[in-house]
1. Rounded to the nearest 0.05, what FRET efficiency is calculated for Phe109 and Ser185 with R0 set to 22 Å and r the Cβ-Cβ distance?
2. Take the eigenvalues of the Cα gyration tensor for region 1-51, scale each by 5, and report the square roots as semi-axes in whole Å, largest first.
3. May I have the pair-distance distribution P(r) for region 71-205, computed from all Cα-Cα distances with 10 Å bins from 0 and rounded to whole percent?
4. Where Lys and Arg each count +1 and Asp and Glu each count -1, what net charge lies around Leu310 among other residues with Cβ under 12 Å from its Cβ?
5. Taking 20 °C and 1.002 mPa s as the conditions, I'd like the Stokes-Einstein D for region 160-290 in µm²/s, using the Kirkwood hydrodynamic radius from alpha carbon pairs.
6. Calculate I(q)/I(0) for the chain by the Debye formula, one identical point scatterer on each C-alpha and no solvent, and give its log10 at q = 0.10 Å⁻¹ to two decimals.
7. Are there trypsin sites (Lys or Arg not before Pro) in region 1-41 that DSSP puts in a loop and that have at most 15 other Cβ atoms within 10 Å, and which ones?
8. Return the Cα extents of region 43-129 along principal axes one, two and three, sorted largest first, each rounded to a whole Å.
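The values are calculated or read from the model by the stated rules, or taken from the named source; none is laboratory data. These figures come from a predicted structure and were not determined experimentally. Neighbour counts are summed over all protein chains in view; Cβ atoms, including those assigned to glycine, are modelled from backbone coordinates with ideal geometry. Ligands, DNA and RNA are excluded from the accessible area calculation, which covers all protein heavy atoms including side chains. Shrake-Rupley method; radii C 1.70, N 1.55, O 1.52, S 1.80 Å.
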Amino acid sequence: MAQYAAMRSIGAYVPKKVLSNSDLEKMVDTTDEWIIKRTGIKERHIAAKHESTSDMGAKAASLAIERSGIAKEDIDLVLCATVTPDYFNMPSTACIISKKLDITNVQAFDISAACSGFVYLLSIAKAFIESGMKKNILIIGAEKFSSIVDYTDRATCILFGDGAGAAIISATSDKKESIVDIHASADGTYADFLVTPAPGSVNPANQKMLDEKLNFVQMKGNETFKLAVKTLTQDVIEILESNNLQASDIPHFVPHQANYRIIKAVGDSLGMTKEQVVLTVDKYGNTSAASIPMAINDIYESGRLKEGDLMLLDTFGGGLTWASALLPFAGKTK
Ligand code: UT7
């Protein structure tokens, strides 16, 4: 019998500390008004000093496991998407999260696809399940982006926040519960649009890295903005067309939360109403791989997401990478 992949649950973790626009006014030459007008962001959450990416990922994952009703002993793959891993080389953050959750002796690994990480993980989970190799997969998007942000650079420090989101993807024989479709792509031509130059094999950790602040994220904001609007819109048009759907068929459009102006431009050009578009960028900022699952968790917790509701995920990030996914929420809802 054919085996399909279904999203059974969602969970998220938001660190306690809030970094508001007025806090940032005291740190760099910016204003609350500028940040809101250009990005829509009012505040973002920042992890505590002792709190790592895996700590946040494990908390989001615990919630997702609990809400799925699936025993953690039945999880057979743990995947984490992050560009702010606990350790840059090894061990993977997925291994550390597995240990924190006491899920050992199962395959676990990280992927790096920046803001597209969670949707990339969905495509991997779908393939593992449809091939019959796995049954219950824990996927996590977690970022301590504050660890790679230069809080003297006003062009980037206003944008990013920390957090984590997770989901359980399980095998089902019921096609109605299945992830419908995923389109994922990348183009390294634009690798320099969003980059953390060090540490790595190109620029190993050294004094130069610290002196030149190469360990912090660098972004070509304008160029990234334009390409984001174009790609996110095109992505949705393609996935809807190939599944014979219209924008009006989608109750929950969940775009990557980078900038309100990007989301509005994409939503408007697709003819989406305000009610269809999920918006969290105002309170979390851009949390990279955690952005999409944190947004899904928001509509789950508010009661807006109902069992079987169709979601359209749409994301874009460093690499450059982009991806869209069409899926029903196949878990219990409030
Ligand atoms: O998640 C991955 C994808 N990332 C993104 O999608 C981010 C995409 N980019 C953006 O969201 C926007 O480009 C930014 C929010 C980063 C910047 O907004 P913008 O409207 O593109 O501003 P800009 O870079 O064109 O800068 C306009 C002006 C400049 O001053 P001048 O040269 O006109 O005098 C900047 O120096 O705004 C200045 N500026 C600021 N002013 C106050 C830049 N950052 C700030 C700031 N506060 N924080």
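1. Values: r = 21 Å, r/R0 = 0.96.
It comes out at approximately 0.55.
2. Numbers: eigenvalues 266, 55, 11 Å².
Rounded to whole Å, the semi-axes are 36, 17, 7.
3. 11, 36, 33, 16, 4, 0
4. Taking every Cβ under 12 Å from that of Leu310, the sum is -3.
5. Result for D is 122 µm²/s.
6. For the chain at q = 0.10 Å⁻¹, log10 I(q)/I(0) is -0.53.
7. In loop regions of region 1-41 (DSSP not H, G, I, E or B), the sparsely surrounded trypsin sites (Lys or Arg not before Pro) are Lys16, Lys26.
8. Answer, in whole Å and largest first: 34, 29, 23 Å.
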